[in-house]
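Trainee: The structure follows.
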């Protein structure tokens, strides 16, 4: 099963340092029955894109709780055995949990298929969205508009061999890490 693991750049650096996504259990996003029902599509690529976007929102939530992190959403796509995933039946129909799965075991980072990260031009919108997330969750329409502004940015695709270059984006003197 393809799962999408939400991270931050420091979280990606930690996974690179340890060689694994985890520790287990941890939350990821995938094409679940509830996501299929919500999205109303049979196209697996569209469904996986919806799961990726759910993980990107979860990454934004991580950024909101870690204000010192560089404002870039990070999602790692990885294939795991179906038996290593579970869906909480109590959260399955919760709109905030659509596509959410729990991964039972740490996943070796070399098994990742790709890493998705915001481009430099998304930083300002992502930072504003992370700051506005709490108010958006409380029903503030202006804050939701700000959160939606971050979602308008497509995540870029990177090969796993590029992880060291992505981690370099955290360096304060990095030209791209401004």
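The values are calculated or read from the model by the stated rules, or taken from the named source; none is laboratory data. What you see is a predicted model; the values in this text were computed from it and never measured. Here the Cβ positions follow ideal geometry from the backbone for every residue, glycine too, while neighbour counts run over all protein chains shown.
Trainee: Within the stretch 58-70, count every residue that is surrounded by fewer than 20 Cβ atoms within 10 Å (Cβ to Cβ), in contact (Cβ under 8 Å) with a residue 12 or more places away in the chain and within 17 Å of residue 26 (Cβ to Cβ).
Mentor: Qualifying residue count, the stretch 58-70: 3.
Trainee: Does residue 110 satisfy the criteria of being assigned to a loop (DSSP other than H, G, I, E, B) and surrounded by fewer than 16 Cβ atoms within 10 Å (Cβ to Cβ)?
Mentor: For residue 110, the condition - assigned to a loop (DSSP other than H, G, I, E, B) and surrounded by fewer than 16 Cβ atoms within 10 Å (Cβ to Cβ) - is not met.
Trainee: Check residue 92 against each of (1) surrounded by 13 or more Cβ atoms within 10 Å (Cβ to Cβ); (2) under 20 Å from residue 8 (Cβ atoms); (3) at pLDDT below 95 and name the one condition it does not meet.
Mentor: All conditions are met except number (2).
Trainee: Then there's this: Take the residues of the stretch 95-107 that are touching a strand residue (DSSP E or B) at 6+ places or on another chain (Cβ under 6 Å) and outside any strand (DSSP E or B): which is surrounded by the most Cβ atoms within 10 Å (Cβ to Cβ)?
Mentor: Per the criteria, the residue is 99.
Trainee: Which residues, taken from the stretch 108-123, are out of contact with any helix residue (DSSP H, G or I) (no Cβ under 8 Å at 6 or more places or on another chain) and in contact (Cβ under 8 Å) with a residue 40 or more places away in the chain?
Mentor: 108, 120, 123
Trainee: Does the stretch 14-25 contain any residue that is assigned to a loop (DSSP other than H, G, I, E, B), farther than 21 Å from residue 158 by Cα, touching a helix residue (DSSP H, G or I) at 6+ places or on another chain (Cβ under 9 Å) and free of Cβ contacts under 8 Å to residues at least 40 places away in the same chain? Break it down into steps so the answer makes sense when it comes.
Mentor: Taking the stretch 14-25 first, the residues assigned to a loop (DSSP other than H, G, I, E, B) are 19, 22-25.
From what is left, the residues that are farther than 21 Å from residue 158 by Cα are 23-25.
Adding the requirement that they be touching a helix residue (DSSP H, G or I) at 6+ places or on another chain (Cβ under 9 Å) leaves 24.
Those still in the list that are free of Cβ contacts under 8 Å to residues at least 40 places away in the same chain too: none.
No; the residues of the stretch 14-25 include none that is assigned to a loop (DSSP other than H, G, I, E, B), farther than 21 Å from residue 158 by Cα, touching a helix residue (DSSP H, G or I) at 6+ places or on another chain (Cβ under 9 Å) and free of Cβ contacts under 8 Å to residues at least 40 places away in the same chain.
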